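Data first, discussion second: the structure below is written as structure tokens.
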Amino acid sequence: MPRWGNANPTTAVFSRPTTQSSRCKTCIRGTIFVMRELLLLGLLTASAFAQAGKFGAFTNSDDIGNPPIKGSAEFDASTGQYRITGSGTDIWGKADQFHYVWREMSGNFAVTATAQFLTEGNEHRKASIMLRKSLDTDSPFVHLVIHGNGMPGVQFRNTKGDNTNTVDLPIEGPGTFKLKLVRQGATIAVWVARNGEALREIGHTDNQLGSPVLVGLGVASHTQASTNTVLFSDVSVEQLPPPAGGKK
């Protein structure tokens, strides 16, 4: 249930003859250093997904719920920006219609994105960072959402075909919003910032989506008659280590 409320490393230098014992110790130190650097490089490479594919850090772009006006996604590798257009009735109730750019992930992770609405429309049109169990229209999900009128919120469907629950926060007015969602174990924490302000945590909740889960960016227009286009920038998708205690 929700609850809201020295600069460079030193390498081994072999400059003069040494005893066998000293040579072994030096070799061991050199080997450990090389292994440490390789491990660090591997961790840095794996921690953040490179934004080099057709959809950047994500792998797929799909309409959910078969909206009559098809959505689309464009990724600009030179700027790292995603221009996502979606239509559909809403992400709400017992079934959803929207456009979703996503990738499959397991374990713990953090997703950050800055969202800017490029089109006018219904004040309840949406841009979100979403976790979703499947592409089914009535799939369980949780997302950190910004509405067109500037209202942030957390919405979730706990089981397939269930009603959507919402925790809406005070309307801040239209603007550019930085969003951050972190999953550690079963806990999901969210942060929001408006127009370049510092991120502030707005709450956390427990969720049982499990792994794997579909992680991505969602856009809905709140109507089947028009589209909603959102520009996402400064997008980061990072795999995180298990939380303290080793639980995944």
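The figures follow:
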read-out: Residue in segment 175-192 that is among the polar types (S, T, N, Q), closer than 28 Å to P241 by Cβ, under 12 Å from the mean Cα position of the chain (by Cα) and in the same structural domain as G86 (by TED's automatic domain parsing) present; value: no
read-out: Search result, residues across segment 96-126 that are within 17 Å of I69 (Cβ to Cβ) and of a type in the set (G, A, S); value: G121
read-out: Subset of segment 219-238 (residues that are under 22 Å from A193 (Cα atoms) and either at pLDDT below 95 or not hydroxyl-bearing (S, T, Y) (or both)); value: V219, A220, N228, V230, L231, F232, D234, V235, V237, E238
read-out: Any hit, segment 199-215, residues being modelled with pLDDT of 95 or more, under 22 Å from N122 (Cα atoms) and not basic (K, R); value: no
read-out: Any hit, segment 95-113, residues being over 28 Å from A48 (Cβ atoms) and either out of contact with any strand residue (DSSP E or B) (no Cβ under 6 Å at 6 or more places or on another chain) or not polar (S, T, N, Q) (or both); value: yes
read-out: Pairs where the first residue, in segment 131-143, is farther than 11 Å from V154 by Cβ and assigned by TED's automatic domain parsing to the domain that holds N158 and the second is at pLDDT 95 or above and among the small types (G, A, S), C-beta under 7 Å, 6+ apart; value: R132/S139; K133/S139; T137/G65; T137/A95; D138/A95; D138/G161
read-out: Filter result (over 19 Å from the mean Cα position of the chain (by Cα) and surrounded by fewer than 23 Cβ atoms within 10 Å (Cβ to Cβ)) within segment 223-243; value: T223, Q224, A225, S226, T227
read-out: Any hit, segment 118-136, residues being in contact with a strand residue (DSSP E or B) (Cβ under 9 Å, 6 or more places away or on another chain) and at positive phi; value: yes
read-out: Some residue of segment 195-218 being under 17 Å from the mean Cα position of the chain (by Cα), crowded, with 19+ Cβ neighbours inside 10 Å and among the small types (G, A, S); value: yes
read-out: Qualifying residue in segment 181-189 (condition: modelled with pLDDT under 95 and of a type in the set (A, V, I, L, M)); value: yes
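The values are calculated or read from the model by the stated rules, or taken from the named source; none is laboratory data. What you are looking at is a predicted structure, and each value in this text was computed from that prediction instead of being measured. All Cβ positions, glycine included, derive from the backbone under ideal geometry; neighbour counts span all protein chains shown.
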